[in-house]
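Enquirer: Structure provided below as structure tokens; questions to follow.
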Amino acid sequence: MRISIIGSGYVGLSGGVGLVSKGHDVTLVDIDEEKVEKINSGEPPIYEEGMEKMLNEALENNKLKATTDTEKAIKDTEVTFIAVGTPSDADGKIDLTAVKAASRDVGKSLKENDSYHVISVKSTVVPETVEDEIIPILEKYSNKKAGSDFSVCMTPEFLREGVALDDFLNPDRIVIGELDERSGNKLEEVYKDFDAPIVRTSIKAAEIIKYASNSLLATKITFANEIGNICKKLDVDVYDVMDAVGLDHRINRDFLNAGCGYGGSCFPKDVKALINKSKELGHEPELLKNVDGSNERQKTKIVELAEEKIGKLDGKHVGILGLSFKPGTDDIRESPAINVIQELLQKNCTVHAHDPKAMENMKELFPEVNYYEDPHDVLQNSEVCKILTDWDNYNNLNKNHLSHTKVFEGKRVLDEDVNREGLCW
Ligand code: UGA
């Protein structure tokens, strides 16, 4: 099938390359010309495992192209996914600027389009957005009625950054929220070669399935952190506890790794957006509010722990290993490292830092921090060191260097025989 995707971030690009590997022809659309050029020259604008190879194969076989021309992309295709970003505004409410702009462009392009077309929203949007905001824009600018000349679906994406291609190709489930049966059937055709159950439901249900999934995962992590904080007081290893708890098939072991809190571009924003939507609907979401607040506190708990163990950190040289919100990415959005660095700078500490991929991004935020290519230099220069991202290579740090300074772990990465103090272990 001929498919277009508006937005070539990690969802759009992974989806595009993934759909090509299932035999489809894909046009990626983006307003960023530089991004479009990069994609067309085989250079992925983001780091994703396996992406470069698959992108180049798709380009060589003429199965994928990128463009800034929405109108032509719509004309040349039968299904269009909207996969632009939905960040949160200062109050934690969802910011729909990009989704609305994309919907306007798509609507205008539908106006002159003669054939039946399905628009499917992949961007994470709070329940009621597609029906109350997106469809009216599409109808206004196309001068057509949704459900007749064109139709609309909502197909949320469950990709994790860093392993997005693998997640796209091997999903646990595919959710199709449909306005009508005809559009749902069309979407089912797109996914016919995927080995996963397909859930067909309403648009509103599809919207909340995404938020429910992310909020439950965020809650699992926060629960593990809470038990971890209790275990620390009891001198019990929370990882042993969760290994046993996770053996219950009703619970399962995934996302029960305690540490310095979740970050990234999804969990923090999605939990906040659902809290806001719930309040708007007249329900006070106590559990979600606690998850959000508890995660914020967990991010800097490692500073408290260090002070409890070795005294005030004010004015000291402090090392940070790991700046990205998780390993395998250079993304620092909502990373616990940001909160920790902020607090250390307030205490007039001299901060020394290393990350295999995220130093350039963190430099823009904190130019006053000293960055090193070799993590051993961070250990060498610091009286105290905190590990905040579970990059595998920190497990191979030289033991002599590690013994030089007091090491606190916010994410569990070091071997047990190393002299380190865990946040919850
Ligand atoms: C998350 C979801 O896992 C995806 O299913 C979803 O599609 C995506 O959000 C999205 O909404 O777009 P992502 O943010 O890329 O994906 O990262 P995760 O691998 O889920 O990790 C999120 C955070 O949780 C990281 O900071 C990680 O360190 C933390 N985490 C994860 C823990 O602290 N403990 C765990 O046991 C697992």
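Enquirer: With each label point set 7 Å from Cα along the Cα-Cβ vector, what nm distance links Asp374 and Lys111?
Expert: Inter-label distance under the simple model: 6.3 nm.
Enquirer: So what is the relative contact order of segment 371-425, in percent, for Cα pairs below 8 Å that sit 6 or more residues apart? The partial results should precede the final answer.
Expert: Numbers: 71 pairs, mean separation 18.6, N = 55.
Value for segment 371-425: 34 percent.
Enquirer: What lysines could a cross-link reach from Lys53, if we take a straight Cα to Cα line under 25 Å and drop same-chain neighbours fewer than 8 places away?
Expert: By straight Cα distance, Lys53 reaches Lys22, Lys35, Lys38, Lys63, Lys65, Lys122, Lys192, Lys326, Lys357.
Enquirer: Sticking with this structure for a sec: Would you mind putting 52-59, 407-414, 7-14 in packing order, based on average other-beta-carbon counts within 10 Å, highest first? Walk me through the numbers before you get to the answer.
Expert: On the way: 52-59: 18.0, 407-414: 23.9, 7-14: 25.9.
Top to bottom by mean Cβ count within 10 Å: 7-14, 407-414, 52-59.
Enquirer: Under 24 Å between alpha carbons, and skipping anything fewer than 8 positions from Lys347 in its own chain: which lysines qualify?
Expert: List returned: Lys299, Lys301, Lys309, Lys312, Lys316, Lys363, Lys386, Lys406, Lys411.
Enquirer: Another question, then. So how do 259-267, 21-29 stack up, highest first, on mean other-Cβ count within 10 Å?
Expert: Numbers: 259-267: 24.1, 21-29: 20.2.
Listed from highest to lowest mean packing, they are 259-267, 21-29.
Enquirer: Right, something else. Just to verify a number: FRET efficiency for Lys233 and Asn56, C-beta to C-beta distance, R0 = 51 Å, to 0.05? Can you show the working numbers first?
Expert: Numbers: r = 53 Å, r/R0 = 1.04.
Efficiency for this residue pair is about 0.45.
Enquirer: Determine ³J(HN,Hα), in whole Hz, for all residues of segment 190-206 in sequence, where each value follows from phi through the Karplus function 6.51 cos²θ - 1.76 cosθ + 1.60 and θ = phi - 60°; x replaces Gly and Pro.
Expert: 4, 9, 5, 9, 8, 8, 7, x, 9, 9, 9, 8, 7, 4, 4, 5, 4
Enquirer: Amide H neighbours of Ile320 under 5 Å, counting only residues 5+ apart in sequence or on other chains, H built in-plane at 1.01 Å?
Expert: Amide H neighbours of Ile320: His352, Ala353, His354, Lys386.
Enquirer: Here's something else I'd like to know. Taking 0.36 nm per intervening residue step and subtracting the Cα-Cα distance, what contour gain separates Glu296 from Asp149 on full extension? Could the numbers behind the result be given before it?
Expert: Details: separation 147, 0.36 × 147 = 52.92 nm, distance 4.69 nm.
Additional length available on full extension: 48.2 nm.
Enquirer: Hey, another quick one. In terms of Cα to Cα distance under 15 Å, which aspartates and glutamates are near enough to Lys75, apart from those fewer than 8 places away along the same chain?
Expert: In chain and number order, the partners are Asp25, Asp105, Glu112, Asp114, Asp149.
Enquirer: Compute the long axis of helix 286-310 from its Cα atoms, compare it with the longest principal axis of the Cα atoms of the chain, and write down the angle in degrees, 0 to 90, nearest 10.
Expert: That helix lies at roughly 30 degrees to the long axis.
Enquirer: If you don't mind, there's one more thing I want to ask. Karplus couplings for segment 14-29 from phi (6.51 cos²θ - 1.76 cosθ + 1.60, θ = phi - 60°), rounded to Hz, Gly and Pro as x?
Expert: So the Karplus estimates, Gly and Pro as x, are 5, x, x, 5, x, 5, 4, 5, 9, x, 7, 9, 10, 10, 9, 10 Hz.
Enquirer: Computed over the Cα atoms of the chain, what is the ratio Rg over Rh, Rh following Kirkwood?
Expert: Working: Rg = 23.3 Å, Rh = 23.1 Å.
Checking Rg against Rh, the ratio lands at 1.01.
Enquirer: Which whole-percent values make up P(r) of segment 237-393 when all C-alpha to C-alpha distances are grouped in 10 Å steps starting at zero?
Expert: Here the calculated profile for segment 237-393 is 10, 33, 33, 18, 5, 0.
Enquirer: Something else now. Using a Förster distance of 35 Å, how high is the FRET efficiency between His283 and Lys363, based on the Cβ-Cβ distance and rounded to 0.05?
Expert: Details: r = 42 Å, r/R0 = 1.21.
FRET efficiency, His283 to Lys363: 0.25.
Enquirer: Could you work out the per residue convex hull volume over the alpha carbons of segment 57-135, in cubic angstrom? If you can, show how the numbers build up before the last one.
Expert: Working: hull volume 9.1 nm³, N = 79.
Spelled out: Cα convex hull of segment 57-135, divided by residues, is 115 Å³.
Enquirer: Roughly speaking, what is the stretch gain from Tyr191 to Ser213, that is 0.36 nm per residue apart minus the C-alpha to C-alpha distance, in nm to one decimal? Kindly include the intermediate steps, with their values, before the conclusion.
Expert: Numbers: separation 22, 0.36 × 22 = 7.92 nm, distance 2.06 nm.
Working it through step by step, the gained length comes to 5.9 nm.
Enquirer: While we're looking at this one, here's another question. Please list the non-local residues whose amide H lies under 5 Å from the amide H of Val152, H modeled 1.01 Å from N, same-chain partners needing a gap of 5 or more.
Expert: Those lying under 5 Å, H to H, from Val152 are Ile119, Gly147, Leu179, Asp180.
Enquirer: Report the convex hull volume per residue for segment 351-425, counting only C-alpha atoms, in Å³. Present the calculation step by step, with values, prior to reporting the outcome.
Expert: On the way: hull volume 6.4 nm³, N = 75.
Per residue, the Cα convex hull of segment 351-425 comes to 85 Å³.
Enquirer: May I pose another question? Taking the Cα atoms of segment 385-425, what is the range of coordinates along each of the three principal axes, in descending order and whole Å?
Expert: 23, 18, 17
Enquirer: Starting from the Cα of Asp180, move 7 Å in the Cα-to-Cβ direction to define the label point; list residues of segment 193-215 whose amide nitrogen is under 20 Å from there.
Expert: Residues passing the 20 Å test: 200-206.
Enquirer: Let me ask another. Cα extents of segment 272-357 along the three principal axes, largest first, in whole Å?
Expert: Extents along the principal axes, in whole Å: 48, 31, 18.
Enquirer: Quick one: if you take sqrt(5λ) for each eigenvalue of the C-alpha gyration tensor of segment 242-300, what semi-axes come out, biggest first, whole angstrom? Present the calculation step by step, with values, prior to reporting the outcome.
Expert: Working: eigenvalues 123, 48, 20 Å².
Each semi-axis is the square root of five times an eigenvalue, giving 25, 15, 10 Å.
Enquirer: Give me a comma-separated list of calculated 3J(HN,Hα) values for segment 116-132, in order, Karplus coefficients 6.51, -1.76, 1.60 applied at θ = phi - 60°, integers in Hz, x for any Gly or Pro.
Expert: Values, residue by residue: 4, 9, 10, 9, 10, 8, 9, 4, 6, 10, 5, x, 5, 5, 4, 6, 8 Hz.
Enquirer: On a full-extension model of 0.36 nm per residue, what is the gain between Asp69 and Asp89, subtracting their alpha-carbon distance, rounded to one decimal in nm?
Expert: Gain on stretching Asp69 to Asp89: 4.4 nm.
Enquirer: Using protein chains only and a probe of 1.4 angstrom, how many square angstrom of His283 are accessible, to the nearest 10?
Expert: 110 Å²
Enquirer: Right, here's the next one. How high is the relative contact order of segment 42-148, in percent, counting Cα pairs under 8 Å that sit 6 or more residues apart?
Expert: On the way: 115 pairs, mean separation 27.5, N = 107.
It rounds to 26 percent for segment 42-148.
Enquirer: Any idea what the alpha-carbon Rg over 2.2 N^0.38 Å comes to for segment 8-110? Don't skip to the answer; put the middle values down first.
Expert: On the way: Rg = 14.0 Å, N = 103, 2.2 N^0.38 = 12.8 Å.
Cα Rg divided by the expected 2.2 N^0.38 Å: 1.10.
Enquirer: Can I ask one more? Suppose we keep just the DSSP beta bridges with both residues in the chain; what percent of those would be antiparallel, to 5?
Expert: Values: 3 of 48 bridges.
DSSP beta bridges in the chain are roughly 5 percent antiparallel.
Enquirer: Now for a different question. Report relative contact order for segment 1-69 in percent, whole number only (criteria: Cα-Cα under 8 Å, sequence separation at least 6). Intermediate results must be reported in sequence, preceding the final value.
Expert: On the way: 109 pairs, mean separation 25.0, N = 69.
The normalised contact order for segment 1-69 reaches 36 percent.
Enquirer: I need the calculated FRET efficiency for the pair Asp76 and Asp254, taking r as the beta carbon distance and R₀ as 30 Å, to the nearest 0.05.
Expert: Numbers: r = 40 Å, r/R0 = 1.35.
So, using R0 = 30 Å, E works out to roughly 0.15.
The values are calculated or read from the model by the stated rules, or taken from the named source; none is laboratory data. Model, not experiment: these values are computed from the prediction. Reconstructed Cβ throughout: ideal geometry from the backbone, glycine too, with neighbour counts over all protein chains shown. These area figures cover heavy atoms from the full protein model, side chains too; ligands, DNA and RNA do not enter into them. Shrake-Rupley method; radii C 1.70, N 1.55, O 1.52, S 1.80 Å.
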